[in-house]
Structures are given as structure tokens and as C-alpha cells.
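One structure below.
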Amino acid sequence: MSQQPSILVVDDEMGILDVLRILLKGEGFDVSTAQGGKAGLEALKGNPPDIVLTDIKMPGAIQAVNQGAFYYIQKPFSNDDLVAICRRAAEQRLLKAENKQLKQEIRRRERSGLVKPLGKARAFQDVLKLAEQVAPTESTVLIQGESGTGKEVIARYIHELSARADGGFFSLNCGALPESLLESELFGHVKGSFTGAVRDKQGLFAAARGGTFFLDEIGEMSPATQVKLLRVLQEREAIPVGGTEAIPVDVRVVAATNRDLEEDIKRGRFRTDLYYRLNVIAIHLPPLRERRDDIQILWEEFLSRIAKERDEQPKALAEEAKGALLAYDWPGNVRELENALERAVVLSKSTTIDLAALPDKLTERRAEPLVAERPHVNPTLDVIERAYITWVLQSEGGNKTRAAEVLGIDPSTLYRKLTRYEGDVPG
Ligand SMILES: Nc1ncnc2c1ncn2[C@@H]1O[C@H](COP(=O)(O)OP(=O)(O)OP(=O)(O)O)[C@@H](O)[C@H]1O
Ligand SMILES: [Mg+2]
């Protein structure tokens, strides 16, 4: 495994590549080389290195080395100068990654504050009940659910209701960092343990002492790191990268993933023993399309939240817009709903959001039937009726008389139904 910063050397001359490879390898870098700009660009596509060393202009390479810093070095240069500048780049990268993590945590904390997760659907109420039951225990919890279903919201809820509420909620996205950085974030590292480790660094397992540690996207963790995590959970102590002394661990772990970990286990991508360690309490968050009853509660919450942020009165939704929100499948779940509303509020000039302000995919004719052949959870007749009526009304350009004809009902019946929807108050 690589604790070493990776470096890609691009040059036209094979001889130079050989020399630099030997030099930098000897200095603890994980070196790869590419002869010529074209090969260099190819090499950047796959797994971008931490550092690129080149004297060739490569179009597009700047974006490839995302968030990179640039250092210039004048030719001719000494080996020492070159190594020094590569080290500085490695250090810079490490600091940047740490900085980003910290900023994200601060932003997340600012946004949080205990709000009870919203939802009245049976499937969601079951989740809340389970969360409330396990919160006061020290049990490890694994939250599984599609992206945007509210895994972090539930994790924070568990934390806030636990005895560790004052100990802080620490969160780390295991998919956002390369293996070496992830390990140093989790377990810490000692000065000099790898190039770029210029000082001792406390890991989050140590920093989160007394609090809750949310390991997000746990399914993205590499097998090597999984072994180390398992050890921490078993022994309740962590050894920093490059260190020998174990540090006691006093955290409650809540992990989350949008992957099917049992499938990953079958494919050998996730360790069974770690899975059972994490999965002491399993919480499955149902996708939004399986709890359509919650859509209205959520839009009302989001509209009022967005209004508060913008310092204005909450906007209302036109009846057709409501129908479209209720009928859509929401593959991106609650997050997608939130984003759609934010966009709609910005796009709407008036105080009412109409259909046109919603993303196109919500209003496209649906190829799929409203009821799947073997659905997980069947929507209620009421939800289907409302969605279907709205869909027909949309297809008829809002013309109620024509819509009533298509629906095979009396226009007065249609008016009555629409009026009822209009007056709907969430329970
Ligand atoms: N039940 C809920 N009540 C209120 N807001 C919610 C609820 N569920 C989700 N949200 C909001 O939806 C957004 C997504 O939630 P969250 O980040 O917890 O989802 P996630 O499952 O962690 O998603 P991802 O897999 O994309 O990380 C957040 O802005 C959150 O505040
Ligand atoms: Mg999340």
C-alpha cells in the first residue's frame, strides 16, 4: 500500500525519465513515468497522481491535476532542488486535503442543530423509532440507503439523542480521500512516517474521543484500511501511521453506505468480519419513492427553509407542480427534491412555483407505469389518482374540460378533486 505521494514524470527523453525515476524513488515517492505529452495525458486520465513533474506543455493537464498548485523550477537545477520542490508539493497537497475536510466539517456543523428528521410514512416512522431506541446505547450502527435518503440526518439524530451529544459529531467520507490520506485522517500519523508528514497529526479516532464518529461511504474503504478499522473496533485502540504506540479509542461509530455491502462481500470487496462488527444495529432507509406520503411534508419544510435563507415569504406550489412532485420517482431522493425546490424558487419570478420552474425530467411523459409489476411498496390509490389526474391535466395543457374527458369523469368531479388537493394540509 502506498503511504508515498505519487508522482508522474513526463518527458520526451527516456534517459531523463530513468534518472528521475531512480532519484525520486530513492526519496520515497511512488513514481510513474510517461514518454511524451500524449502518453502523459493518457496517464493522467486513469488515476491522477499527487504530483506531475514535466517540462512539456500538455493541454488540459491543468484540470486533470485538480486543485493542483504550480511550482516552477529553473533549468539547470540540482537534484536537491528538485527533490525539495517535490516534497513541498506533497506537503501542500496533504495540507490542502486536511483543510478541505476541516472546512466541510465546520460547514456541516453550522448547518446542523437538532431537527427531528421529517416524515410520517410508516416505513420512515419505523426508522425513527429504531434510531431512538439505539441512540442511548453504545452499539455500532450501520445505516444503509440510496444516496440522498437522509443517512447523515439519521446519524446526527442518533448522536443528538445519545449520552455523547456534547462530545461532538465527527464525520469522515471514506470515499473522498485516497487510501494513504484516509488512513492518516482516521488513525493519525507520526512526523516523518511518509513524505509530506512534516509533523505529528492526531487522527479522528483520537480527536472524536467522547463523541460520535460517522464513517460515511464505508463501502468505498480499501481492503487494507478495512483490516485496520476492524482492529480499532476490536481492540478499542488505534496506532497512528508510522507509529508504534497505540492510542485508546473512545468513540461511538455510526457507519453509512449507499452500496449493497452484502453484494460487496460476495464479490470479495468488503470483509465479512468488519461487516458484522459494524452491522450490530442495521438501519435501512427506504428510498423516497417508497414513502411518497413524505413528499409533501418535505417540500413544505424545504420551501420554508429556503424562504428563511432568502429572507422572504415561502413560495406556494401550483397544483400541477405538486402533482409532478408527487408522481416523480426521485432517484436522488430527498436531496434531489431539495435541489429541485431550490432551483424552482430561484427561477420563479412570482410567489407561486409553476410546473415550468421544475426540472424537465419531472414533467416528461413517464414511460414507466405508475405501478411496477412487483413493487416493493404499493402507493395508495389516493396517491395514484392524484398523480394520474395531474399527469393528464398536464398533457392537456391545463385544460380541465379536456382532461375530464380523457379521465372519463364529469368536469365538476374533476373540479371537486382539484379543490380538495388544493386544500390539502399535511397530517
Ligand atoms: N427526513 C428528513 N427530514 C428533513 N430533511 C431531510 C430528511 N432526509 C434528508 N433530508 C435532507 O436531504 C439532504 C440529504 O440528506 P443526507 O445528506 O442525510 O442524505 P445521505 O443519505 O447522507 O445522502 P448521500 O448518500 O448523498 O450522502 C440533506 O440536505 C438533508 O437535510
Ligand atoms: Mg451522506
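The values are calculated or read from the model by the stated rules, or taken from the named source; none is laboratory data. Being a predicted model, the structure only gives us computed values, none of them experimental. Neighbour counts are summed over all protein chains in view; Cβ atoms, including those assigned to glycine, are modelled from backbone coordinates with ideal geometry. Areas reflect the complete protein model, heavy atoms only, side chains present, ligands, DNA and RNA absent. Shrake-Rupley method; radii C 1.70, N 1.55, O 1.52, S 1.80 Å.
Points worth noting:
- The lone criterion from (1) polar (S, T, N, Q); (2) within 13 Å of ligand 1 (Cβ to nearest atom); (3) open to solvent by 10 Å² or more (accessible area, probe 1.4 Å) left unmet by GLN313 is number (2).
- Filter pass, LEU303 being modelled with pLDDT of 95 or more and either within 16 Å of ligand 2 (Cβ to nearest atom) or farther than 22 Å from THR257 by Cα (or both): yes
- Candidates in segment 331-358 are the residues that are surrounded by 21 or more Cβ atoms within 10 Å (Cβ to Cβ) and not in a helix (DSSP H, G or I); of these, the one that is farthest from ligand 2 (Cβ to nearest atom) is ILE353.
- When GLN144, GLN202, GLN125 are checked against the criterion of being surrounded by fewer than 20 Cβ atoms within 10 Å (Cβ to Cβ) and at pLDDT 95 or above, GLN125 stands alone in meeting it.
- Enumeration of residues in segment 15-44 that are open to solvent by 50 Å² or more (accessible area, probe 1.4 Å) and either hydroxyl-bearing (Ser, Thr, Tyr) or in contact with a strand residue (DSSP E or B) (Cβ under 6 Å, 6 or more places away or on another chain) (or both): ARG21, LYS25, ASP30, SER32
- Among the residues making up segment 359-381, those that are surrounded by fewer than 10 Cβ atoms within 10 Å (Cβ to Cβ) and at pLDDT 70 or above are ASP360, LEU381.
Residues are listed down the side, and each one gets a yes or a no for (1) more than 16 Å from ligand 1 (Cβ to nearest atom); (2) part of a helix (DSSP H, G or I); (3) open to solvent by 30 Å² or more (accessible area, probe 1.4 Å); (4) under 27 Å from THR137 (Cβ atoms):
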{"site": "ALA197", "(1), (2), (3), (4)": "yes, no, no, no"}
{"site": "GLY210", "(1), (2), (3), (4)": "yes, no, no, yes"}
{"site": "PHE213", "(1), (2), (3), (4)": "no, no, no, yes"}
{"site": "GLY219", "(1), (2), (3), (4)": "no, yes, no, yes"}
{"site": "ARG231", "(1), (2), (3), (4)": "yes, yes, yes, yes"}
{"site": "ASP250", "(1), (2), (3), (4)": "yes, no, yes, yes"}
{"site": "ALA256", "(1), (2), (3), (4)": "no, no, no, yes"}
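- Any hit, segment 199-213, residues being more than 18 Å from ALA97 (Cβ to Cβ), within 14 Å of ligand 2 (Cβ to nearest atom) and touching a His at 6+ places or on another chain (Cβ under 6 Å): no
- Those residues of segment 125-180 which are part of a helix (DSSP H, G or I), closer than 18 Å to GLY211 by Cβ and away from ligand 2 (no atom under 16 Å from the Cβ), in sequence order: VAL134, GLU160, ALA165, ASP166, GLY167
- Listed conditions (1) open to solvent by 70 Å² or more (accessible area, probe 1.4 Å); (2) assigned to a loop (DSSP other than H, G, I, E, B) are all met by GLY268, apart from (1).
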